[in-house]
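J.: Take this structure first; my questions come after.
The values are calculated or read from the model by the stated rules, or taken from the named source; none is laboratory data. All figures in this text were calculated on a predicted structure; none of them were measured in a lab. Cβ sites come from the backbone with ideal geometry, for glycine too, and all protein chains shown count toward neighbours. SASA here: full protein model, heavy atoms, side chains in, ligands and nucleic acids out. Shrake-Rupley method; radii C 1.70, N 1.55, O 1.52, S 1.80 Å.
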Amino acid sequence: MALLRSGDLSLQGISTFLAARKLPRPFRVRSPLWLKEQGVFAVESEFDKKLERFIRRLLEGRVIPFLGAGISLEAKHEDGTAGLAQTSGLIDKLARAIYRSYKKGDSYQKKWGRWCCRTTFSRSTLTSLKNAPLDNLCEMYAWLKGNDGQQSLVREVLEIPKFEGLLPTPAHHYIAFLAREGLIDEIITTNYDTCMEKAYEQTFEHHNENPACVITDLISYRQKSGKTYVEDGQSRLRCLKIYKINGCATQAKDDPEKILLTERQLQDWGERQWARELFRERLRSRSLIFSGFGSDEPQVRHTVLQVVEEFGSKYADDGEHSSQQTDRQDNQSTTKCSCWDLPNAPFIAAFEPHLSFNQMQILHAYAKAHSDALEYDKLYQNVFCGKDTYLFNPVKSKVEELPANLFWKRVYQATFWKLLRRSCQPDSPAKAFLSPLTPAAEVLFHKMLDWLAPPDKPFGRFPELLTVSDDVTDKCNKPGLTPLSYWISCVRYSECNPPPGWYACLIDRPVLIPMLLLILYLTLGEARNAQKWDELSNHISTQKGFLFFMIPDEQNEQRTMVMIAHQERAFRNNQEVNLPAEVKDYSIVQVLIGNGTNMKARKIRIRSKDCNSKHVRFVGVYQVPLADIFRYTHRPHLSSKAYRSSLERETVLIADRARPRLRDRTNSLL
C-alpha cells in the first residue's frame, strides 16, 4: 500500500493522495490521527514518537515520576469530603484566615493583616488575597500569628493531618501498577498525602509488611533508601521508595515543623541536604517525568536549572574534558541525535494546553545546554499537554485539558501491551508452556496480540480491559479493579473477593495472563459482534466470582457458556457450588489452565444450590485441560471456529469413575 509521507501532511498533499487512490475526499481534514483510524495511510506523528520514547524509557526502568499537587487534585477523604488537597481550596482557607485576623484580630494581627491585604494587589479585599501564591500566603500567615504560626498553619488552617485520610485517585493506581511490573522503583513528590503508598500497598495480596518505603528525613533515608525487597513470610515483596521532600501528613500532628509550606522554607533545602543531593543525582542519571505541577516550586526549579547548567559547561581549561566534549559533539552531528533522545532527558505532563513559565524555563535551559534547537515547537518534543487530549481520548476531542488520571491511564495501557508482547516471546515462560501443546504456539500468540493490540491502536483494541472501574453495575468487573485483574482473581482463587486496588501483574503470572487472553481470543476473537468493548462484555460474565466466556454460534443467537479456571480451582465431584443464575443448563464446560501432569478430561457432577431457596439441582461438569483442547488443533491457521470444533469433538475421553465396570466412553462436550 502506498504511504503518505510525513512531509506531505498538508491539505493539498492529502487531497492529491486521496485522489490518486480514488478515495472519497473528506469534508474536513481533521488530523493525521483521524486519517490513520480510517486506514488511509500510515504515518508516525510527533505524538507517536514522544509516546514511544517515553514508553521505551519506562521499559528500560529509567523513569522516575516527580509528582505535584495535580496528581491528588480529585482525591477524596475517607469520610467523603472532596477537594481537601486542592490548591485553590487551600488558598481560600488561608485568605479567609488572614482577612479574618485583619478584621477581628488584636492590634498586632490587624496591622499585619492590613499589610498582607495591601501587599497582594494594593487593595484591602478578600479577593486580592485569593490571587496571591500559596507559599506567600503561608509565610504571611506565619508572620501574622507569630511564634505559633507554623503550628496553627499546619493543624488548624490547612488541616494537613487530614491528608492522611485521602484515598488514592486512578492516577495513583496506574503508577502503582507500573511499579508492580518492576518498571518504577522510585518516586519523588512534593505532596503531603499518603495516596501513593496506599495505592502501591493495595496492589499486593495478603501481607504483613508494607512494601512502600516512605522517606521524609535523613533517618528514614539511611534506613530505607537501599531496600529492594521486604521479607513477608515466605514471599518477597518488591519495594517502592517514595521520597517526600516537603514532608508527610503522618508527621503533621506530632511535628508540624517538618511540613514545609512557606516560600522561605521552600527556597532553601535547609536540613534536607540528602533530598537535594538525591534530586541532583537523579536529574543527571534518570529521566524525570514532572506530573501534576502547576504552581511554582522554587527549590525544585532552581536545582533543575543548576544541574542543567552542568550539562552545558565547556570545560575550556581542561584538555581532557574538552576533547571528550568535541567527540560528543562529533558523534551528535554524525548521528543527528536530539537532546530529547538522551537517557536523562526530562518529560513534562501538563494539564493546560500550554506550558507555564517555570516549565518552559526548564526545557529551554536543557535544550540550550545541549546546543539543540530552541524553536517553540521543538521544545515540546517531550511534553504531553492539553493539546494532546484528543489523541489520548478522541471522545473529548474539543477539550484541551489533560488530567493526570487520563495521562497515566494511557501510559499504563500502552506499556502493558508492550509487556505482553515481551511475555510472548520465544524465550518466555508462556511460550515454553504452550509450545509442547501445539506447534502453532508462535502463530497463536501473534494473532492474539494483533487482535488485542493492533499497531494502529497504542492503547489496545479494548482499553477498558485495563481501566480501573468505578461502576458498581459492571457485570465484568468490580469497582476499584481493572477487569483483567478481576478475571485473574476469578480464575485463580476460590474465594474471589479482591480488595479495591489489587493488581494481577505479568511478572508474577507470566503464564496465566497470556493464556487467559489467548482463550479470550480463541473464544471471541472472530465473533462479528465482539470487536468493541460494549459488544465483548456481553459475552463475558463474572457473576458469583466465576469467569464465563459465552461462545456465539454462526448466527450469534445461541451461546454456550465455558468456564475458565485454574487447575487448583477445579470443581470436585459432588461439590456444592452457588452457580450464577445465567447457568440454566444442566451441564457446563470447565476449561482448566495448569501444567499438572495428572490432569485429564473427565466428567463430574456438582450440586448447585440457590441461596434464595432450598432447591438443589445436579449439574454435570465436563472438565477439559487446556492441553486436550490443542490436541486436535495442530494447524498453524487455528481459528475460533477450530477452537470451538475442538471442544465439540467426540474423541475426548470422559472416564466415568463412578462406574468402573463400564468402558471409557466418549461424550460430546457442547
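J.: Starting from the Cα of GLU52, step 7 Å along the direction of its Cβ; do the same at HIS206; then give the gap between the two resulting points in nm.
T.: The modelled label-to-label distance comes out at 4.7 nm.
J.: To continue, here is another question. Need the C-alpha centroid separation for segment 158-172 versus segment 72-101, integer Å.
T.: Segment 158-172 and segment 72-101 have Cα centres separated by 11 Å.
J.: Whenever you get a sec, line up MET140, MET360 from highest to lowest accessible area (probe 1.4 Å, protein heavy atoms).
T.: Order by accessible area, largest first: MET360, MET140.
J.: How much of the accessible area of segment 129-238, in percent, comes from carbon and sulfur atoms when a 1.4 Å probe is used?
T.: 43
J.: Going through segment 498-558, which trypsin sites (Lys or Arg not before Pro) have at most 16 other Cβ atoms within 10 Å and a DSSP loop state?
T.: ARG528, LYS532
J.: If you don't mind, another one. May I ask you to give the percent of accessible area on segment 408-554 that is carbon plus sulfur, with a probe radius of 1.4 Å? Provide the component values of the computation, followed by the final result.
T.: Values: 2700 of 5340 Å².
Roughly 50 percent, rounded to a whole number.
J.: Can you give the accessible area of VAL157 in Å² (nearest 10), computed on protein heavy atoms with a 1.4 Å probe?
T.: About 20 Å², rounded to the nearest 10.
J.: Quick check on segment 397-452: take the gyration tensor over C-alpha atoms, sort the square-rooted eigenvalues as a ≥ b ≥ c, and tell me if it's rounded (a/c under 1.5), prolate or oblate.
T.: Prolate, because a/c is 1.5 or more and a/b exceeds b/c.
J.: While we're on this one: Could you list the trypsin sites (Lys or Arg not before Pro) in segment 390-437 that lie in coil according to DSSP, counting only those with at most 12 other Cβ atoms within 10 Å of their Cβ? Present the calculation step by step, with values, prior to reporting the outcome.
T.: On the way: sites: LYS396, LYS398, LYS409, ARG410, LYS418, ARG421, ARG422, LYS431; in loops: LYS398.
Answer in residue order: LYS398.
J.: Under a plain spin-label model, where a point goes 7 Å from the Cα along Cα-to-Cβ, how far apart in nm are ASP92 and ILE507?
T.: A separation of 4.2 nm, rounded to one decimal place.
J.: At 7 Å along the Cα-to-beta-carbon direction for both ASN574 and ARG605, put a label point, then send me their distance in nm to one decimal.
T.: So the label points at ASN574 and ARG605 sit 1.0 nm apart.
J.: Whole number in Å², please: accessible area per residue of segment 420-519, 1.4 Å probe, ligands, DNA and RNA not counted. Please list the in-between numbers first.
T.: Values: 3850 Å² over 100 residues.
Result: 38 Å² of accessible area for each residue.
J.: Return the subset of LYS224/LYS387; LYS76/LYS387; LYS198/LYS258; LYS227/LYS253 for which the Cα-Cα distance in this structure is over 31 Å, preserving the input order.
T.: On the way: LYS224/LYS387 40 Å; LYS76/LYS387 28 Å; LYS198/LYS258 21 Å; LYS227/LYS253 27 Å.
Result: LYS224/LYS387 exceed 31 Å.
J.: Can you give me the accessible area per residue for segment 180-238, using a 1.4 Å probe, in Å²?
T.: It amounts to 49 Å² per residue over segment 180-238.
J.: Oh, and also: Taking all pairs of distinct Cα atoms, average 1/r, flip it, and tell me the Kirkwood hydrodynamic radius of segment 362-478 in Å to one decimal place.
T.: By the Kirkwood definition, the hydrodynamic radius is 17.5 Å.
J.: Nearest 0.05, what FRET efficiency do LYS532 and TYR493 give at R0 = 30 Å with Cβ-Cβ as r?
T.: 0.55
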